[in-house]
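Peer 1: Got a structure for you, written out below as structure tokens; questions coming shortly.
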Amino acid sequence: MIKIPDTNIELQLQKTRDAKFNDASFRKTLRTSLSHLNIAHSSEETHPNSEVTLAKNQFDFDQLETSRIYHIEQIKKVCVDYRLRFLDLKYFKGELPLSANSAIEDLQNRHQTELDGLKIMAPSKLFKLKDKDDPLLFVPMGNHYYCLVHKWGNDLHPLRKLLVWPFKNMVNLVLFALLISYFVTLLVPSGLFSKTNSTAEFWIIYFFMFKWIAAVFIFYGFALGKNFNPAIWNSKYFNA
């Protein structure tokens, strides 16, 4: 029996980043971005329309492990694909393990700074109750870049991306409802509604099955306040 490996979210982040950048180009982009950030910090000026987003954390570029740094767009894509949240640490219901606290202390010592604005990337349930699934701890660097401080817990279910695919957007949900309706229609016994089987009868039953399944999806979505992945990845409202 072939065992499907669990999903390592840190590895998925790396693949998302590496699809657009190689190590050299990403390091060059990061150096340019952080140099602009340092200029803004040194001048202590805030320009409302500036593309530079300031952060309280300042890092020594030569001490940085660029392999652990990600842009917010890369984080967002993985969150949307796997229906994860990216929220402030204060919303996290679990406790940081000793390994995470040690990683924070080590990063602070190497960069001679006090880390602030820590964020957690994890499934929604970890922000509601204690669990052990794959949390990732980040610290903001400014200019929409985040440094991965530590990862702990278990990897995600290997089929999670497929299981949450219907909730990525409305098109996916409709396609999923159409597919489920087709298989449910196939389960209807032949001759249940008429003595002769016909293509027209099949598609009429299929139409009613689709309406029924779509109504269930709509009721579930409104009753529980659910939303699509792009709308919840950084939302602090946990019923989404």
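Peer 1: Mind listing whichever residues of region 149-164 are touching a helix residue (DSSP H, G or I) at 6+ places or on another chain (Cβ under 8 Å) and not in a helix (DSSP H, G or I)?
Peer 2: Selection gives Val149, His150, Lys151, Trp152, Asp155, Leu156, His157, Val164.
Peer 1: Same structure again: Provide a single number: the residues in region 6-23 that are closer than 16 Å to Arg160 by Cβ, out of contact with any Asp or Glu (no Cβ under 8 Å at 6 or more places or on another chain) and either of a type in the set (Ser, Thr, Tyr) or at pLDDT below 85 (or both).
Peer 2: Adding up the residues that qualify gives 1.
Peer 1: I'd like the residue in region 98-127 that is within 14 Å of the chain's Cα centre (by Cα) and in contact (Cβ under 8 Å) with a residue 60 or more places away in the chain and, out of all such residues, is surrounded by the fewest Cβ atoms within 10 Å (Cβ to Cβ).
Peer 2: Step by step, filter region 98-127, then rank; the result is Ser124.
Peer 1: Here's something else I'd like to know. Counting just the residues of region 64-116 that are among the hydroxyl-bearing types (Ser, Thr, Tyr) and not in a helix (DSSP H, G or I), which one comes out nearest to Asn169 (Cα to Cα)?
Peer 2: Filtering region 64-116 for residues that are among the hydroxyl-bearing types (Ser, Thr, Tyr) and not in a helix (DSSP H, G or I), the one nearest to Asn169 (Cα to Cα) comes out as Tyr70.
Peer 1: Is it fair to say Lys195 is at pLDDT below 90, surrounded by fewer than 17 Cβ atoms within 10 Å (Cβ to Cβ) and within 27 Å of Lys3 (Cα to Cα)?
Peer 2: no
Peer 1: Ok, one more. Name, by its number, the condition in (1) in contact (Cβ under 8 Å) with a residue 24 or more places away in the chain; (2) not assigned by TED's automatic domain parsing to the domain that holds Gly94 that does not hold for Phe219.
Peer 2: Condition not satisfied by Phe219: (1).
Peer 1: Another question, if that's okay. Looking only at region 158-192, which residues are surrounded by fewer than 16 Cβ atoms within 10 Å (Cβ to Cβ), modelled with pLDDT of 85 or more and of a type outside the set (A, V, I, L, M, F, W, C)?
Peer 2: Once the filter is applied, which keeps residues that are surrounded by fewer than 16 Cβ atoms within 10 Å (Cβ to Cβ), modelled with pLDDT of 85 or more and of a type outside the set (A, V, I, L, M, F, W, C), region 158-192 yields Pro158, Asn169, Asn172, Tyr182.
The values are calculated or read from the model by the stated rules, or taken from the named source; none is laboratory data. In this text the structure is predicted, and so the values were computed from the model without any measurement. Note: ideal-geometry Cβ built from the backbone for every residue, glycine included; neighbour counts use all protein chains shown.
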